[in-house]
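The values are calculated or read from the model by the stated rules, or taken from the named source; none is laboratory data. Predicted, not measured: the structure shown is a model, and the values here were computed from it. A quick note on method: Cβ atoms are made from the backbone with ideal geometry, for glycine too, and the neighbour counts reach across all protein chains shown. Side chains included, ligands, DNA and RNA excluded: accessible areas come from the protein's heavy atoms. Shrake-Rupley method; radii C 1.70, N 1.55, O 1.52, S 1.80 Å.
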Amino acid sequence: MTTATPGIASVSGHTIAGVPGRFVLDARTNHLVSDSRLGPGESIQAGELLLSAVVSCAMANFEANATELGIPVTSIAVDAEHARGTEDPTRYEFTRIRVTVRGVAQSAADALGERFVATCPIYNTIRRGSGAELTVTAA
């Protein structure tokens, strides 16, 4: 597991002997089992983890901004989906995120949506795409 550095989110993972395509992910003191899309298929997969991140961020963002703005939201539901590229399988063809905000007028829901787009790094990284650094070390 990597050492926590303030302001930097960190997740590590390792394989499980005898179970190809099954992994254990570690974030701080939390652990999650994940499967490769070619693995056992019983646990959440990498693409679903990406969608989970944006869904979680959306719910937290909408809830916090509703509280800050005094918007009386009664519930928030978020659904997200994407499809792997057919011409370029190293990309997603699309990512769709649907947020349902209950207990408010459409104008209030729109205001919360605008705040989400203006502040969520996960959403904006997916929307814009970003560079990534990869270091591979044989040990």
Which ones in segment 10-38 are in contact with a Phe, Trp or Tyr (Cβ under 8 Å, 6 or more places away or on another chain), open to solvent by less than 70 Å² (accessible area, probe 1.4 Å) and not polar (S, T, N, Q)? Gly13, Ile16, Val33, Asp35
Got a sec? Which of Val104, Val99, Val117 is free of Cβ contacts under 8 Å to residues at least 60 places away in the same chain and either assigned to a loop (DSSP other than H, G, I, E, B) or not aliphatic (A, V, I, L, M) (or both)? Val104
Name the single residue, out of those in segment 50-67 being of a type in the set (A, V, I, L, M) and open to solvent by 50 Å² or more (accessible area, probe 1.4 Å), that is farthest from Leu112 (Cα to Cα). Leu50
